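Structure first, then comments.
The values are calculated or read from the model by the stated rules, or taken from the named source; none is laboratory data. Just so you know, these numbers come straight off a predicted model, no measurement behind them. Glycine gets a Cβ as well: all are built from the backbone with ideal geometry, and neighbour counts include every protein chain shown. Surface accessibility is based on the protein's heavy atoms, side chains included, excluding ligands, DNA and RNA. Shrake-Rupley method; radii C 1.70, N 1.55, O 1.52, S 1.80 Å.
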Amino acid sequence: MKKRKFKKHILYLIACIVLVIEVYPIVWTFMTSFKTQEEIRWGSSIALPQSIHLDNYIKVLAESQLPVYFKNSVIVTFVTIFLLIVLSATSGFALQKLRFKGQGLVLGFFMAGITIPIHVTLIPLFQIYRQAGILNTHLSLILPQVGFNLPMSIYLFVAFYRFIPDELMEAAVIDGSSIVKSFFTIILPMSKNTVATIVTMNAVFTWNEFIFANTFISNSDLKTVPVGLYDFVGESGVTDWGTTFAAISLVLLPVLIICFVFSKQLTTGIAAGAIKE
């Protein structure tokens, strides 16, 4: 019993250390965003701000283009998540519950997309987008995010649908419900944890995506927040760290809110897919 308690205490200690390592940079960023330029320059980097200064946030929102970048990121993220949920939920349902010739081959084709590194397509996509005339558009950022995140999303839905009894749909059809209606009224509401998992993972990835946004977007009115943060680096590397950390804090907030709101569903969805698969 003593050995078990000792091991448990060691695990708790390790967990606390990891938690501090993970959380401290975020806390430090928010803490620094409330400091004045003098406190940042001459004070201790680990000291708490002497008082809460909102000037950095006011300056960011009033004098920078961060609100524009926020709008662009929200548009790209929302459309990407919507398309991913619609396409992956319906595709996973068809691949798991509807019987057709070549079903396994089609599923294997989608699963092969997981093995492709997303950024190896950067140059080909740039050439295709330039010829198609969709550079400097939101579509140029939405398409690769949907395409490359679709295989994993389909996999999660297929893993969940596999353990929904076929008799449930058969009973609905016997009662006069069509397959489409059964899907939207019965099957999809049951997969809320899978939906939450896909929303959380892909919202974070899409919100933080930098490489495609930096390559396909040169118009400042269409930049997303990861690229837009470059605006806070001044000439010759001179940086107003107060406004910079305020901007970073504002960019972090949506990601943190999404993770906190959907954390339980995210864990449940991933665990369910892993165990059931």
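Quick check, is V233 farther than 23 Å from I123 by Cα and free of Cβ contacts under 8 Å to residues at least 24 places away in the same chain? Answer is yes for this residue.
Applying the set (1) modelled with pLDDT of 90 or more; (2) over 24 Å from the mean Cα position of the chain (by Cα) to F100 leaves exactly one unmet item: (1). Scan region 60-73 and tell me whether some residue there is hydroxyl-bearing (S, T, Y), closer than 17 Å to A196 by Cα and open to solvent by 30 Å² or more (accessible area, probe 1.4 Å). No.
Residue-by-condition table, conditions (1) surrounded by 10 or more Cβ atoms within 10 Å (Cβ to Cβ); (2) part of a helix (DSSP H, G or I):
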{"site": "Y12", "(1), (2)": "yes, yes"}
{"site": "V18", "(1), (2)": "yes, yes"}
{"site": "E22", "(1), (2)": "no, yes"}
{"site": "W28", "(1), (2)": "yes, yes"}
{"site": "K35", "(1), (2)": "yes, no"}
{"site": "I40", "(1), (2)": "yes, yes"}
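If you check V86, V60 for being part of a helix (DSSP H, G or I), among the β-branched types (V, I, T) and without any contact (Cβ under 8 Å) to a residue 60 or more places away in the chain, only one passes: V86. Annotation note: Cβ proximity below 8 Å between a residue of region 175-189 that is free of Cβ contacts under 8 Å to residues at least 12 places away in the same chain and a residue that is open to solvent by 70 Å² or more (accessible area, probe 1.4 Å) (sequence gap 6+ or interchain) occurs for S177/T185. Each residue in region 109-136 was checked for being of a type outside the set (A, V, I, L, M, F, W, C), at pLDDT 85 or above and exposed (fewer than 13 other Cβ atoms within 10 Å of the Cβ), and 5 pass.
Okay, residues lined up against (1) in contact with a Phe, Trp or Tyr (Cβ under 8 Å, 6 or more places away or on another chain); (2) surrounded by fewer than 16 Cβ atoms within 10 Å (Cβ to Cβ):
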site: V173; (1), (2): no, yes
site: I187; (1), (2): yes, no
site: W207; (1), (2): no, no
site: F212; (1), (2): no, no
site: S220; (1), (2): no, yes
site: F232; (1), (2): no, no
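None of T185, T194 is more than 21 Å from the chain's Cα centre (by Cα) and not aromatic (F, W, Y) except T185. Filter region 137-153 for residues that are crowded, with 20+ Cβ neighbours inside 10 Å and either small (G, A, S) or over 16 Å from the mean Cα position of the chain (by Cα) (or both); which is nearest to N72 (Cα to Cα)? Checked region 137-153; the qualifying residue nearest to N72 (Cα to Cα) is S140.
Does at least one position in region 243-261 carry a residue that is open to solvent by 70 Å² or more (accessible area, probe 1.4 Å), under 23 Å from V74 (Cα atoms) and at pLDDT below 80? Yes, that holds for at least one residue.
The number of residues in region 189-205 being farther than 30 Å from V225 by Cα and open to solvent by 60 Å² or more (accessible area, probe 1.4 Å) comes to 2. No other residue among L48, L54 is over 25 Å from the mean Cα position of the chain (by Cα), within 28 Å of K223 (Cβ to Cβ) and either surrounded by fewer than 16 Cβ atoms within 10 Å (Cβ to Cβ) or charged (D, E, K, R) (or both) apart from L54.
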